[in-house]
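Structure first, then comments.
The values are calculated or read from the model by the stated rules, or taken from the named source; none is laboratory data. Keep in mind that what you see is a predicted model, and the values were worked out from it rather than measured. Backbone-built Cβ (ideal geometry, glycine too); neighbour counts: all protein chains shown.
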Amino acid sequence: MAERLLWEQEAEGSNPFAPIFFSKGHLTTFPTMTTNDTTFATALNCMDGRVQLPVNDAVRYIFGVTCVDTITEAGIVKFLSDETDAPETQVALANIQISLEKHGSKGVAIAAHDDCAGNTHCEQTQKQQLARAVTFLKTHFPTTKIVGLWLGLDWKVETVVSP
C-alpha cells in the first residue's frame, strides 16, 4: 500500500491540516535526513502557535540549518530579561546547553511578539526585554551567535538584536 496523507484516508469532514503519513495502519515519519544532512539552530519562542512557523523558518534562514530545536514558554523573553532566577529561565538555559552540546546548534534566536498573552507589555518594552535577554544569554554562551527576533501583528519576523 502506498503512503498517503492521513486526511486522504479519512472520511470527508476530517481535519485537512493533519499531514501525517499513514502506511498499512501505522503512523510513519516524514522522510528522514541522514545525520550528515542534519544541522541545527535553537529557537527560544513563545508557546503561541501563531509564531512557531514564522520563527522556525527565520531561524533556518538566519543560521542556514535544516532543523530547529524549539524551546517554548509563554512570554519567554520576560523570563530571560527580567526573571533570570526563575525556574523557567533555568530550564531554558539547560535546554540550550543540550541543543548546543548534543545537536551542535549553530546559534540561538529568541523571539518576542505583539499580542502576547504571556507578556502583555507594549512593543517598545518587549524589544527592550529582547535586548536584555540577548545580553543575558551571551553571558552564559559567549561563543554562540545569538539574535533577537520580533514579530508584529503581521507575523513577519524582524531581526532587532544581532551581534
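Name the residue that is nearest to Ala41 (Cα to Cα), counting only residues in region 124-143 that are surrounded by fewer than 17 Cβ atoms within 10 Å (Cβ to Cβ) and touching a strand residue (DSSP E or B) at 6+ places or on another chain (Cβ under 9 Å). Filtering region 124-143 for residues that are surrounded by fewer than 17 Cβ atoms within 10 Å (Cβ to Cβ) and touching a strand residue (DSSP E or B) at 6+ places or on another chain (Cβ under 9 Å), the one nearest to Ala41 (Cα to Cα) comes out as Lys138.
Those helices (runs of 4 or more DSSP H) of region 67-150 in which at least 2 residues are basic (Lys, Arg), considering only elements entirely within it, cover 123-140.
For Asn119, the conditions (1) within 29 Å of Thr38 (Cβ to Cβ); (2) in contact with a strand residue (DSSP E or B) (Cβ under 8 Å, 6 or more places away or on another chain); (3) in contact (Cβ under 8 Å) with a residue 60 or more places away in the chain all hold with the exception of (1). All told, Val51 falls short of being modelled with pLDDT of 90 or more, assigned by TED's automatic domain parsing to the domain that holds Leu137 and touching a helix residue (DSSP H, G or I) at 6+ places or on another chain (Cβ under 8 Å). Among the criteria (1) surrounded by fewer than 20 Cβ atoms within 10 Å (Cβ to Cβ); (2) touching a strand residue (DSSP E or B) at 6+ places or on another chain (Cβ under 8 Å); (3) farther than 19 Å from Glu158 by Cβ, the one Ser105 does not fulfil is (1).
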